[in-house]
Structure formats: structure tokens, C-alpha cells
There are 2 protein chains.
Amino acid sequence: MVTRQPTIESPAVEVQELLRTLFGRQRRRFLIAAAELDLHPAQAGTLLQLSSPLPMNELASRLGCDNSNVTGLIDRLEARKVVTRQPESHDRRIKLVVLTAAGHRLRRELLDRLRQPLDDLAGLSEAEQRQLRDLLRRALPDEPAH
Amino acid sequence: MVTRQPTIESPAVEVQELLRTLFGRQRRRFLIAAAELDLHPAQAGTLLQLSSPLPMNELASRLGCDNSNVTGLIDRLEARKVVTRQPESHDRRIKLVVLTAAGHRLRRELLDRLRQPLDDLAGLSEAEQRQLRDLLRRALPDEPAH
DNA sequence: TATTGTTATACTCTATAACTATA
DNA sequence: TATAGTTATAGAGTATAACAATA
């Protein structure tokens, strides 16, 4: 029988390992969800950003890529009729990317599939969930998720 | 002064939000680290898998892509002299992908940059880290990270 | 003059299918 | 016959640079 040594590892190292597991699982879920909806990961990421209309500009910034990439990305989403380009009255250089009704449905579909990972936490009691929340809050300095 | 309402949200929802923050941060760190080392994300992911030599085959499976992709991926890493293809004596169909010395250095460089996120946890006391570890262990059913 | 978005170009990733060499 | 890896092909993402329209 294998006796599991009480590890010498610092808890931080073990936490790191557990988080890596969680990250990996989440990433795989994202890729699978995107593929199931016939979305390239970049397209799925774009959709997730569109909780409200955004200028191409801002989209590029959030996706961490060049403006020129967004053109092609939105071209293809537009061809699929899940987004449209709308003019911004205040500044005619700007085009707002807006979800169509089909786009909203697709985004919802995607979000539904991504919510699953949190079922991981369903095994914890309410008290434990509160404990976990408080620890994460303390660990994470304030900063928007984006 | 803003009095923070004790939220009605279930703790699970808040945990979800905090984890999303953590995921997003980690993802951005990965992309930045890869770019800084002049690696395409897929190449960086490949490097991370190579803690020990692997058949092209196995690499494709771990990266969740087709065998044919790995050929090009390894071609470019080999051109950069960070990996080599070595024959497997037992089965001459198999080629093992092995890190070169430069490859090990590059992988270490990448890992060093990815370790940062854990500094997020440095603000927690040892006892809090243990608590966090135990909660995550309970939340995560046993399953390899991969 | 600076900014928003597009186009052109070149490189990489990705899936599919057809091929080879081994087993 | 099945498997490991390659090649060919086509579609998509990405960065860079040059450009038009607008500010």
C-alpha cells in the first residue's frame, strides 16, 4: 500500500497545481464549446466581448490584436449574420459592432456551455463556497476581468 | 461613502466571477509571454508539453489537433533549433520530439514567465493558502490536469 | 496631424484527404 | 489491414505597412 507522505510542498505550489487543472479544464471546455457551435476560438472570444455594441477599435483592444484583424473577424461573423456594422452618429469614422437576434442566441448558447465549469463547485457547501470566494477576493487585487 | 451591500448573489456566482478574472489574467500572461519569446501560442503550448520526449502522435493528442498539424508545428520549432526528431528504436514509424539544450532554456524561460500569476497568491498567509488548497481539492474531482 | 477602419501581403495554424513506410 | 508521420490544399487568424475617410 502506498502511504501518501504529508507533502513538504508549500500549499502555494499545490494551489498552483490545482489552478492549472482548473485552467486546463476551462480552456478545453471553451475550445469544445466553440467547435460545437462551429466557431473559431477567436470568433467565440469576440462574441463573448459583445455584451453590448462596441467599436471595431475597442474590440481590437480587448482581443489584444490589431485593428486589421478585427475587420476580417467581423467580416466572417457578419457573413454568418450574427453581427452587423452600424454607424456611430457622433463620429462617422467609427463602426459599432452589434449582435443580431441570431447573434444573441448564439452568444447565449456559448455562455450556457461555458457555465458548466462552475458545476465543479457544486460539490462545495454554501459555507465552503463563501470561504472560497473570500480567499479569492483576498488573493486578487482589484482589477477588472475583461 | 459607498456601503457595499451584502450581495444577494450566491457565493458560487461570485466565485465564478473571480475565477473568470483569474482565467483571463492567466490567459493574457500566456499570450504575452509567448509573444515576448517570439512564439506562436500553439508553439508555446507545444513546448509546455515537452517535459519529456513525446511521439508526434501523442503530441497531437495532447494538443487536441490533427497529426498533420504537428508536422508543421515541429518543422518550425526544429528550424529554430529548439527541438529535434529522434527515431524510436522499438517502432521505426515513430519519431520522438526532443528538446535541445536551447529548447530547454526556452521552455524554462516560458515557465518562469508563467509562474508570475501565482504571485497573486503571495498575499495570502500560509494558513489561507492551505485553506484554499483544501477547498479546491474538494471542488475538483480527481482527474489529471493535462 | 491623428484616428478609424480597410486593403494587401506574408506567415502560421487548422482540418481534411491522399500518400509512404512501417507494423 | 491498421498506424505514424508526411504532403497538398484550402480556410482562418495574425502582424505589418500603406491607404481612404474623417476628426
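Condition test on residue A:33, is it away from DNA strand C (no atom under 11 Å from the Cβ) and either within 14 Å of chain B (Cβ to nearest Cβ) or in a helix (DSSP H, G or I) (or both)? Taking the combined requirement at face value, the residue satisfies it. Out of all the residues in region B:96-107, which are surrounded by 12 or more Cβ atoms within 10 Å (Cβ to Cβ), assigned to a helix (DSSP H, G or I) and free of Cβ contacts under 8 Å to residues at least 24 places away in the same chain? Passing the criteria: B:102, B:104, B:105.
Is it the case that residue A:5 is more than 14 Å from chain B (Cβ to nearest Cβ) and modelled with pLDDT under 85? It is true that residue A:5 is more than 14 Å from chain B (Cβ to nearest Cβ) and modelled with pLDDT under 85. Against the list (1) within 13 Å of DNA strand C (Cβ to nearest atom); (2) among the acidic types (Asp, Glu); (3) part of a helix (DSSP H, G or I), the condition residue A:14 fails is (1). Taking the conditions exactly as written (of a type outside the set (Ser, Thr, Tyr), within 12 Å of DNA strand C (Cβ to nearest atom) and in a loop (DSSP other than H, G, I, E, B)), does residue A:93 satisfy them or not? Yes; evaluated as a whole, the condition is true for this residue.
Residue-by-condition table, conditions (1) closer than 30 Å to residue A:115 by Cβ; (2) more than 8 Å from DNA strand D (Cβ to nearest atom); (3) not aromatic (Phe, Trp, Tyr):
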residue: B:25; (1), (2), (3): yes, yes, yes
residue: B:28; (1), (2), (3): yes, yes, yes
residue: B:37; (1), (2), (3): no, yes, yes
residue: B:52; (1), (2), (3): no, yes, yes
residue: B:65; (1), (2), (3): yes, yes, yes
residue: B:68; (1), (2), (3): no, no, yes
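Only one of the listed residues (A:46, A:84, A:21) is buried (at least 16 other Cβ atoms within 10 Å of the Cβ), among the hydroxyl-bearing types (Ser, Thr, Tyr), modelled with pLDDT of 95 or more and more than 13 Å from DNA strand D (Cβ to nearest atom). That residue is A:84. If the condition is being away from DNA strand C (no atom under 11 Å from the Cβ) and in contact with an Asp or Glu (Cβ under 9 Å, 6 or more places away or on another chain), then region B:54-90 contributes B:55, B:84, B:85. The set of residues from region A:36-53 being in a helix (DSSP H, G or I), away from DNA strand C (no atom under 11 Å from the Cβ) and touching a Leu at 6+ places or on another chain (Cβ under 8 Å) comprises A:43, A:44, A:45, A:46, A:47, A:48, A:49. Suppose the filter is in contact with a helix residue (DSSP H, G or I) (Cβ under 8 Å, 6 or more places away or on another chain), surrounded by 12 or more Cβ atoms within 10 Å (Cβ to Cβ), of a type outside the set (D, E, K, R) and closer than 27 Å to residue A:64 by Cα; does residue B:77 pass it? It is true that residue B:77 is in contact with a helix residue (DSSP H, G or I) (Cβ under 8 Å, 6 or more places away or on another chain), surrounded by 12 or more Cβ atoms within 10 Å (Cβ to Cβ), of a type outside the set (D, E, K, R) and closer than 27 Å to residue A:64 by Cα. Of all the listed residues (B:112, B:142, B:120, B:134), the sole one being within 14 Å of chain A (Cβ to nearest Cβ), closer than 27 Å to residue A:123 by Cα and at pLDDT 90 or above is B:134. Looking across A:85, A:113, A:62, one residue alone is under 21 Å from residue A:27 (Cβ atoms) and in contact with a Lys or Arg (Cβ under 9 Å, 6 or more places away or on another chain). It is A:113. Check region B:54-62 and report whether any residue there is more than 10 Å from DNA strand D (Cβ to nearest atom), touching a residue at least 24 places away in the same chain (Cβ under 8 Å) and in contact with a strand residue (DSSP E or B) (Cβ under 8 Å, 6 or more places away or on another chain). Scanning region B:54-62 turns up at least one residue that is more than 10 Å from DNA strand D (Cβ to nearest atom), touching a residue at least 24 places away in the same chain (Cβ under 8 Å) and in contact with a strand residue (DSSP E or B) (Cβ under 8 Å, 6 or more places away or on another chain). Within region B:11-22, residues that are facing another protein chain (nearest Cβ under 7 Å) and over 13 Å from residue A:128 (Cα atoms) reach partners that are basic (Lys, Arg) and buried (at least 18 other Cβ atoms within 10 Å of the Cβ) with beta carbons closer than 8 Å, at six or more positions or on different chains, in the pairs B:18/A:133.
The values are calculated or read from the model by the stated rules, or taken from the named source; none is laboratory data. Remember, predicted model here, so these are calculated numbers, not experimental data. Note: ideal-geometry Cβ built from the backbone for every residue, glycine included; neighbour counts use all protein chains shown.
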